[in-house]
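Bear in mind these aren't lab numbers, they're just calculated from the coordinates by the rules spelled out. Quick caveat, the model's predicted, so the values are computed rather than measured. Virtual Cβ from ideal backbone geometry, glycine too; neighbours counted across all protein chains shown.
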Amino acid sequence: MRTTTIPERERLDQASETLALLEHEFTSRSLFTERGPGRAVVTARGLSRVYGKGDAAVHALRDVDIDIAEGRLTAIMGPSGSGKSTLMHILAGLDQPTGGRVSIDGVEITRLKEKRLTQLRRDKIGFIFQSFNLLATLTADENIVLPLSLARRKADEAWRRTVIEAVGLQDRLTHRPAELSGGQQQRVAVARALITRPAVLFADEPTGNLDSRTGGEVLDLLRRSVDEFGQTVIMVTHDANAASIADRVVFLKDGGIELDEDRMTRDAIYDTIKTLEVTR
Ligand SMILES: Nc1ncnc2c1ncn2[C@@H]1O[C@H](COP(=O)(O)OP(=O)(O)OP(=O)(O)O)[C@@H](O)[C@H]1O
Ligand SMILES: [Mg+2]
């Protein structure tokens, strides 16, 4: 009998995983009749996340169902400890739920093996963090195309120019992060998130480290990515001003969805935050 070498085994594993993924993608896609605004690009059912065990267990999420429509900007708000980061990390495939399922662009990520999940995150998800997370040794331009370089994909030149123009960094491309202002660094991060045209862009407190003017510029940019490029954006924020640019505001409390509203004014958001904090 011929012995199977390790690399061969890996290739076989990889091939069977790819087949399973394709099959799954095909069957889940048939649930959606068409693409475009209104289609749910992220779907979560019965999500729960428990940290720790026994008496020390913390129920960070309790049976959360949520659909995120394509081409809209959704803000996730709620008091500190209400589960915002936990929800975002699970929706983005950075953490696994204790119970429940998540699909992104028709692929159930809660069933994927780590390797496929990493690939899916790279291909379908963009991230913007509070602390920019740029690579200090790379120029702005190199940071922007990094997700493509990592995936060994070439940039579509027209799209690269569109994105760089949208974030207004044409004359800063050779600068390194240390030579850029906070607002400019975050604009590089927005461009980096948009360059792969992700199915969904997650932003965690994208204006948290910025003053209100530069924060406003980054918010304008996120809004434009939705209006002009049809980008789907999910933004976690504490800031009523930031959430007022959203098409939908979801408020969490104690790991559950407390309120889910279309477009809200800054004042209405502010009042809701106050009420949620008082009734904790
Ligand atoms: N790794 C962990 N281990 C144990 N408990 C955790 C862990 N991460 C989060 N928690 C708990 O889960 C709950 C939800 O946390 P989460 O970070 O999702 O809240 P949040 O809404 O993002 O809060 P904030 O606004 O302060 O960022 C909190 O009670 C928190 O203490
Ligand atoms: Mg958080």
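Within the stretch 52-97, the set of residues being under 26 Å from Q231 (Cα atoms), in a strand (DSSP E or B) and within 13 Å of ligand 2 (Cβ to nearest atom) comprises I76, M77. So which residues in the stretch 133-154 are crowded, with 21+ Cβ neighbours inside 10 Å and in a loop (DSSP other than H, G, I, E, B)? Listed by number, the list holds a single entry, L134. On the stretch given as the stretch 211-259, residues that are under 18 Å from the mean Cα position of the chain (by Cα) and in a helix (DSSP H, G or I) total 13. Scanning the stretch 231-260 for residues that are acidic (D, E) and away from ligand 1 (no atom under 14 Å from the Cβ) yields D247, D260. The single condition among (1) away from ligand 1 (no atom under 16 Å from the Cβ); (2) within 16 Å of the chain's Cα centre (by Cα); (3) surrounded by 20 or more Cβ atoms within 10 Å (Cβ to Cβ) that R197 does not satisfy is (3). Taking the numbered list (1) under 18 Å from Q130 (Cα atoms); (2) buried (at least 22 other Cβ atoms within 10 Å of the Cβ); (3) in contact (Cβ under 8 Å) with a residue 40 or more places away in the chain in turn, E205 passes all entries but (2). The residues in the stretch 213-239 that are under 20 Å from D271 (Cα atoms) and without any contact (Cβ under 8 Å) to a residue 40 or more places away in the chain can be counted, and the count is 1.
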